[in-house]
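Everything on this sheet refers to the single structure shown next.
Every read-out reported here was derived from the displayed coordinates using simple, explicitly stated rules and does not represent laboratory data. Just so it is clear, the model here is predicted, and its values are computed rather than measured. With ideal geometry, Cβ positions are generated from the backbone for all residues, glycine too; neighbour counts draw on all protein chains shown.
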């Protein structure tokens, strides 16, 4: 199935400035011919789109890049973390701390030792319980019906606020035709109190 070509009118209607359109069409045409939908979308994110563009343009180009694909009911990945984000993730820190050389090794360990994995995960993520669990995993109803964190009570917000830097954004949102809006951790905490 041949992909639909993008038009100047579409890009302008979705919020791209008229002076950016010719360059954008040239790039999009190249990316569409030379790359997979995932790479095409990554190029859009890194070389074409920015926060100044309305969300409607981001969404249009996301759908355009993935127009010929379906991944289990959705178009395709929207977010691709860069190497710095991956290196600073909880997952990467866990792998380093446990001396796991690959994601596959961590996955295998977590499947083989689920209690150890979840005990470690709760500790590393600093999950706060209002009342602690009496048993990490209760299998009294069989392995097909595990009861994780038996008898525990928690509000995930307590865990979020436990480590939150009040100055960093908690929510960044944009109405399809409006400006980008940011709400800090502190502002969100005050609104939810």
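Pairs of Cα atoms nearer than 8 Å and 6+ residues apart set the relative contact order; for the chain it is 14 percent.
Residues of the range 100-137 falling in the label zone of residue 158, defined by backbone nitrogen less than 11 Å from a point 7 Å along Cα to beta-carbon, are 127-133.
Per-residue packing, averaged as other Cβ atoms within 10 Å, sorts the ranges 147-157, 52-62 into the order 52-62, 147-157, beginning with the highest.
Output the 0 to 90 degree angle, nearest 10, between the alpha-carbon long axis of helix 18-34 and the longest principal axis computed from the alpha carbons of the chain. It works out to around 70 degrees.
For the chain, the longest principal axis of the C-alpha atoms and the axis of helix 103-112 are separated by about 30°. The C-alpha atoms of the chain define a longest principal axis, and helix 55-65 lies at about 80 degrees to it.
Helix content alone sets the calculated 222 nm mean residue ellipticity of the chain: runs of n ≥ 4 DSSP H residues at -39500 (n - 2.57) each, divided across all residues, give -13500 deg cm²/dmol. Across the range 8-65, Cα pairs under 8 Å and at least six residues apart give a relative contact order of 43 percent. In this simple spin-label model, placing a label point 7 Å from the Cα along the Cα-to-Cβ direction at both residue 121 and residue 7 gives a separation of 4.8 nm.
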